[in-house]
Amino acid sequence: MQLEYFLLLAAALFCIGIYGLVTSRNAIRVLMSIELLLNAVNLNLLAFSNYLDPADIKGQVFGVFIITIAAAESAVGLAIVLAIYRNRNTVDMEQFNLLKW
Amino acid sequence: MNLAEGVQLVSLIILGAMMLGAALGVVLLKNIVYSAFLLGGVFISMSGMYILLNAGFVAAAQILIYVGAVNILILFGIMLVNKEEPYLEGSRVWLGRAVTGLVCLGLFGLLGAMIVVTPWTLSTAVAAGEDATVEIAKHLFTDYLLPFELASVLLLMALIGAIVLARRELLPDDGQAQPALMLPERPRLAAAKDLAEQVRR
């Protein structure tokens, strides 16, 4: 029964992350929501690794890879936010229309 | 239910409540600095859950990388771009939030139903437990060697990309002597003029 608890927690965290991703106006808060999404996926992987594949823990290897990717993603994302802030002088998502037309 | 399972369940409930509360705070609080610190709380409770899942190495990596690097990076980002600005609220903002909340609740319902209904075939093999780190190392250097090397290349690309993106644009040398010990930077005035031209176009 414990597996379901972890999966439900991960699903709840994922939904909170999506809500933040859609409704945030601040670009940095959007980045934080993406981190929440990645963490939810990681919790899923580790739960499966512990309950379905405990001897040959491949899920944990995937977890380590996802942590690596998340670190790279947040570095590049913050650099993009800084570059946009320097050009537009705002971090409001509604005003980023450089690629709109 | 013996003592160990009870302790596990209680710690799972406490960690889950901490995680969900902190995550809601990250998304809902007005002040973004509070959000950033609560994000650290989310990461720490996630790491506790990893320990409950017999994944000590990943828990340590989570604390080192997420709390130590990503969270600090986000705090620095907030310090660099934090400007008090009144967001112009449209009249229909509440409608968008309500629809988004409904969609997210629906998604959670769907996922939850799927999780509860699916008959998981739990494995009965002996858990790796303390030897998890050794097992991870074996995987990384045998069957996951190529992804491991690709991850290092990806990290290098992210490093270079972040530097290139965050660096200020350099002016072409126009004969003016730069003051010593200063990087030649594009003046703010020129950038503003460029922006005005862009907007006019």
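The values are calculated or read from the model by the stated rules, or taken from the named source; none is laboratory data. A quick note: this is a predicted structure, and the numbers were derived from the prediction, not measured. Cβ: placed from backbone, ideal geometry, glycine included. Neighbour counts: every protein chain shown.
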| query | Just for region B:91-101: of the residues that are at pLDDT below 85 and more than 9 Å from every other protein chain (Cβ to nearest Cβ), which one is farthest from the chain's Cα centre (by Cα)? | reply | B:91
| task | State which residue is surrounded by the fewest Cβ atoms within 10 Å (Cβ to Cβ) when the search covers only region B:1-16 and only residues that are within 11 Å of chain A (Cβ to nearest Cβ) and either under 17 Å from residue A:7 (Cα atoms) or touching a Phe, Trp or Tyr at 6+ places or on another chain (Cβ under 8 Å) (or both). | result | B:13
| task | Could you please let me know if residue A:26 is crowded, with 23+ Cβ neighbours inside 10 Å and either touching a residue at least 60 places away in the same chain (Cβ under 8 Å) or not small (Gly, Ala, Ser) (or both)? | result | no
| message | Within region A:47-78, take every residue that is at the interface with another protein chain (Cβ under 7 Å from one of its Cβ atoms) and of a type in the set (Phe, Trp, Tyr) and give me the one that is farthest from residue A:21 (Cα to Cα). | response | A:51
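So, restricting to helices (runs of 4 or more DSSP H) that lie completely within region B:31-126, which ones have at least 1 residues that are surrounded by fewer than 12 Cβ atoms within 10 Å (Cβ to Cβ)?
It comes to B:71-81, B:93-117.
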| Quick one: what pairs do we get from region B:116-140, first residue at positive phi, second surrounded by 11 or more Cβ atoms within 10 Å (Cβ to Cβ) and assigned to a loop (DSSP other than H, G, I, E, B), C-beta under 8 Å, 6+ apart or different chains? | B:129/B:54
| The listed residue being within 23 Å of residue B:98 (Cα to Cα) and touching a Leu at 6+ places or on another chain (Cβ under 6 Å), out of A:10, A:27, A:70 | A:10
| Do we find a residue being part of a loop (DSSP other than H, G, I, E, B) and modelled with pLDDT of 90 or more anywhere in region B:19-30? | yes
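With respect to residue A:17, is the statement that it is under 26 Å from residue B:153 (Cα atoms), more than 7 Å from every other protein chain (Cβ to nearest Cβ) and surrounded by 21 or more Cβ atoms within 10 Å (Cβ to Cβ) true?
Taking the combined requirement at face value, the residue does not satisfy it.
Give the residues of region A:23-36 that are within 7 Å of another protein chain (Cβ to nearest Cβ) and within 13 Å of the chain's Cα centre (by Cα), sorted by residue number. Lay out the reasoning, then the answer.
First pass over region A:23-36, keeping only residues within 7 Å of another protein chain (Cβ to nearest Cβ): A:23, A:25-26, A:28-29, A:31-33, A:35-36.
Within region A:23-36, A:28, A:29, A:31, A:32, A:33, A:35, A:36 meet the criteria.
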| said: Exactly one of these conditions fails for residue A:7: (1) more than 7 Å from chain B (Cβ to nearest Cβ); (2) crowded, with 20+ Cβ neighbours inside 10 Å. Give me its number. | reply: (1)
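Can you pull out every residue in region B:125-143 that is farther than 13 Å from residue B:54 by Cβ, facing another protein chain (nearest Cβ under 9 Å) and not acidic (Asp, Glu)?
B:139, B:140
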